[in-house]
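For reference, the structure discussed in these notes is given below.
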Amino acid sequence: MTSIEEQDLAARRARAIQELVARPLLDRRAPSFATIATSERWLKEWFARACGWILIVDYRRGLARLRKVTGEVDASFPLRSLRQGGKVFTKRKYVLLCLVAAALGEHGRSRMSLHDIAVAVADLGVRAGVAPYNDLDHKDRQAMVDVLLVLAQLGIVAELDRSGRDYGADRGGNVLYEIDEQRLAQLLVAPMPPARCASWQQMITEERHLRQDADGPSRLATAAAKQRLMRRLLDRPVCYPSDLSTDEVAAMPDGAAELQRWLAEAGMFLEIRADAWMVVNRRSSAPRTLRDGSNVANAALLVLEVIARDPSVDWVSAAHLASAVGELLDEYPWWAKSLRKDPHRVASVTTLLSSFDLIRPESGGWKIMPAAWRWTTSVDPESVSTVPRQPSAAAAGHAQDDLFSQELM
């Protein structure tokens, strides 16, 4: 294999890793599915070594499932409706998602109508001791439709036939679905299987019975700490040492080179600073980035430049941040008309910034996190303790142009 072919293969594998991290349940329509199928063994070994995750590939059925487990609850990237402007799933919709998945699993046949799903969900709700599903309630029907749209996007159900009006608007409407039982079985991923747990809290507890040496953590414990760091960096491009456990902090110095190598294989590189570790990803097609061109993202960048202007100030009041958003829109009256009319525009901006861990709620305002200054026009070179080996020519550009283009689930 020539060097050009090797580079092309490495680039395709990097794209496959990022796509699997962003969407852990893929079908053959995914752009990287062919690479996942042909590089199955290499990708399985990479995820097992770098993250401790299991990759399942069934190219005959067109299925790729990355079993991502973290051992912690992360509400930063919730499910969103595929209609209604992408509203975040409510607690009720999450409950219905679980009930619908259980109803499809209990059905035992490859096809099921929407009306049959509604009846089964109502019965399961009573048995589970939660508020039962009510198809007379317009909001419940809308929530049911949102859940089924998400399951259809994941390939778990596929519409075969439709009759009547939209079920969300008219309870007389009906849809016949085909169920992909294999994808349904792969939907739930947890460190602990449900059969061994008495509560959902136990399901997210990752058991690692690792021997501790008398003079410090064992090799297995150190490897586990590196994997947890890698998981964190893949899902959240900013990592603050103050948020890490003792064993993770201890693994940071020795594990830096290994983490850099793993991230390089995933098409990214690790920027290590005294106050934060940050993952840089220059993929132009990365869907989750503060530079995605949306009105909210542009407003967040401009507001961040205002509130992070003075490095000696690490807190901003909620009123001042809201005022900054308003002044920004007043300064550019021809821009972002949809954002200007949105009553939740300030919440949208703060939610986006906090999802990248650039600000955190604190004492009636927002704490400006150290990584926020990575987006300012000037960067203090003394704050960088380690730089990636052989950085590309693009690395010399402005810092705010390329950070956090990290694909996420």
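Tabulated data for the structure shown
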quantity: Residues of the stretch 220-234 satisfying the condition of being under 14 Å from residue 257 (Cβ atoms) and either among the charged types (D, E, K, R) or not assigned by TED's automatic domain parsing to the domain that holds residue 258 (or both); calculated: 226
quantity: Any hit, the stretch 239-251, residues being aliphatic (A, V, I, L, M), farther than 21 Å from residue 353 by Cα and either touching a Pro at 6+ places or on another chain (Cβ under 7 Å) or surrounded by fewer than 20 Cβ atoms within 10 Å (Cβ to Cβ) (or both); calculated: yes
quantity: Of residues in the stretch 149-188 being in a loop (DSSP other than H, G, I, E, B) and under 22 Å from residue 29 (Cα atoms), the one modelled with the lowest pLDDT; calculated: 188
quantity: Test: residue in the stretch 323-332 that is buried (at least 16 other Cβ atoms within 10 Å of the Cβ), touching a Leu at 6+ places or on another chain (Cβ under 9 Å) and outside any helix (DSSP H, G or I); calculated: no
quantity: Residue that is modelled with pLDDT under 85 and β-branched (Val, Ile, Thr), where the choices are 296, 280, 303; calculated: 280
quantity: Per-region count, the stretch 1-47, residues surrounded by fewer than 15 Cβ atoms within 10 Å (Cβ to Cβ), part of a helix (DSSP H, G or I) and among the charged types (D, E, K, R); calculated: 5
quantity: Spans of strands (runs of 3 or more DSSP E) in the stretch 48-129 with at least 2 residues surrounded by fewer than 18 Cβ atoms within 10 Å (Cβ to Cβ); calculated: 54-58, 111-113
quantity: Residue count for the stretch 304-314, restricted to those that are in contact (Cβ under 8 Å) with a residue 24 or more places away in the chain and either acidic (Asp, Glu) or surrounded by 15 or more Cβ atoms within 10 Å (Cβ to Cβ) (or both); calculated: 5
quantity: Tally of residues being closer than 13 Å to residue 179 by Cα and touching a residue at least 12 places away in the same chain (Cβ under 8 Å) across the stretch 103-148; calculated: 13
quantity: Verdict on residue 274 being among the small types (Gly, Ala, Ser) and either at pLDDT 90 or above or surrounded by 22 or more Cβ atoms within 10 Å (Cβ to Cβ) (or both); calculated: no
quantity: Tabulated pairs, the stretch 54-69, first in contact (Cβ under 8 Å) with a residue 24 or more places away in the chain, second in a strand (DSSP E or B) and of a type in the set (D, E, K, R), C-beta under 8 angstrom, 6+ apart or interchain; calculated: 55/65; 55/67; 56/65; 56/67; 62/27; 63/27; 64/27; 64/58
quantity: Single residue of the stretch 359-389 satisfying the filter (within 17 Å of residue 306 (Cβ to Cβ) and modelled with pLDDT of 90 or more) that is surrounded by the fewest Cβ atoms within 10 Å (Cβ to Cβ); calculated: 367
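The values are calculated or read from the model by the stated rules, or taken from the named source; none is laboratory data. Note that the structure is a prediction, hence the values are computed from the model and not measured. When we count neighbours, we look across all protein chains shown, and the Cβ atoms used for this are built from the backbone with ideal geometry, even at glycine.
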